[in-house]
Amino acid sequence: MTLSLDYAALSDVGRVRRNNEDSAYAGPHLLLLADGMGGAAAGEVASAAAVQVIRKLDKPGIVGEDMIEALAGAVHRANERLSELVEEDPEREGMGSTVTALMFDGEQLGLAHLGDSRAYRMRDGLLYQLSHDHTFVQSLVDEGRISKEEAFTHPHRNLILRVLDGRPDSDPDLEILDVRAGDRLMLCSDGLPDYVSDEVIAASMSDGTPDSVVVELITHALEAGSNDNVTCVVADVVETQPSSGHAPQLVGAAAELAQGSTGRGEPTIAVRGHGHGAGGGGHGAFDPEELRYAPRAPKRFPWLRRLAVLVVVLALIGGGGWLAYSWTQKQYYVGTDGDYVAIFKGVDEDIPGISLSKVYEQQTLQVDKLPTYSREQVENNIQADDLAAARQIVSELQRTAAECAAKVKPTPTPTPKPSTPRPSAPVSTAPKLPTSTAPSAKPSTTPTTGTVDPDDCDGVR
């Protein structure tokens, strides 16, 4: 049974900030949320860039475990895109974005997660958090140093440890999840769970349509005093045709930049502390986004780091090439140098601008003194294990040439033995002994050899 997604997405800039750094996307095969960071203009650029790259996965045909590979590749490409944007504008140094994505193939979900945005699933009236926060306070909870209740009010609950920021160590969590009809899925930026409890979120998700749920959840966050952007994506897993249709929905900074905005936005309003209320605390004026990512020191001199990487890569390539060339110069083979047999050092291969072989020893043996078979072997090159083996091959060729040269002389024909005339009538019954016999022919004095067959010396010139 193939299932479908009935989805809705909504983003609100909030009551404090004047620019929206959240971006979200909802489509038939992909739910995606990115919360930008970096303050001023960089946060919305980062989240929008991440969404624009990863949203290309919203297409049929990617199923099962292939979703994990596709998500990992898309997050990697988004990370490279952020690195390119920093190179284009150094003022964007330190920007980044969270990424939480659910890919849907009609039977399963593929999850990719990086940062502190969240993915939830409501099933049979119970709310489950599918993602795991990459935050400082979550690490304290994992270690048992604080409880979940203490984490909810911890003064450093928003400090992120992992985020998509153009650095090579930005690897997401990846997982395949089961799904069934009746499940309700929800993605949200931290502007919701940092101010609204799981119980309130569960109550809002237990009833209504995806459109009404995203409105209710964002309303709860704003009423609770959220000083951040708030974005939600809600999707129902259904067996029928979704009422939302199949048109994708793009909201937040990604939608604004897609419509032609420069992405610079207006400066962020400074937030002044009001004790430890629902809206967060602190003393003095600060930018929540700057404070949130303070532990991540900005990269300095990125061009120098890239130059160093390039030098290392070129050194590895050069070193490998030199090792390969050195190996070729320890090889030997027997071939032809003009009309003569020669021993070559190197390998018989051609590389433009580089000679991999040269004559090491030229021999006095002429190629046309060899029989056809041996001559063809030499012309096609005879490989040798080392120099001694090459010289042994030459010695065998010289012996073969000498034997062929010695055995091709003509052999003289023996003189036939004269016949004795027969008498007309017998004189006596006793046989008469001949007084003399004709000399027999002398044998040929031409040297012969039994090691080379005459047929093997064809083609000798």
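None of the figures in this text is laboratory data; all of them are computed from the coordinates on show. From a predicted model like this one, the values you see are computed outputs, not experimental measurements.
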Test of understanding: what is the full-extension gain from Thr153 to Ser139, defined as 0.36 nm times their sequence separation minus their Cα-Cα distance?
3.5 nm
Under the 0.36 nm per residue contour assumption, what length would be gained going from the current alpha-carbon distance of Leu310 and Glu65 to full extension?
84.8 nm
Give the separation of the Cα centroids, the range 362-380 to the range 158-230, in Å.
81
Could you work out how much longer the chain between Glu199 and Leu161 gets when fully extended? Use 0.36 nm per residue separation minus the Cα distance between them, nm to one decimal.
11.0 nm
